[in-house]
């Protein structure tokens, strides 16, 4: 059976709360970043490269009316293919 890692991001203009769930184990990885969306993509890639997050990844985000839009390029950088 093939598993994937789910990454949810609650994003605002400068604060991003991330929770990743490994489907195979159910283990959560939570982190808050104060910074830009570039910092979010870098954090995800750092954790993939260190083995803390296993590909494939499925990333989703919620920004709300006062949040920011994560550009497609940042989603691609974090390992999600372009639509």
Problem - Where only alpha carbons of region 1-42 are counted, the Rg and the Dmax (Å) - result: 11.7, 38
Fill in the blank from the handout: Extension length gain for residue 58 and residue 17 (0.36 nm per residue less Cα distance), in nm, is 13.2 nm
Handout entry: Estimated FRET transfer efficiency (residue 32, residue 4; beta-carbon r; R0 25 Å; 0.05)
Key = 0.60
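Here, each number is a calculation from the coordinates, and none is a lab measurement. Everything quoted here is computed from the prediction, not taken from an experiment. In this analysis, Cβ positions are derived from the backbone assuming ideal geometry, glycine residues included, and neighbour counts consider all displayed protein chains.
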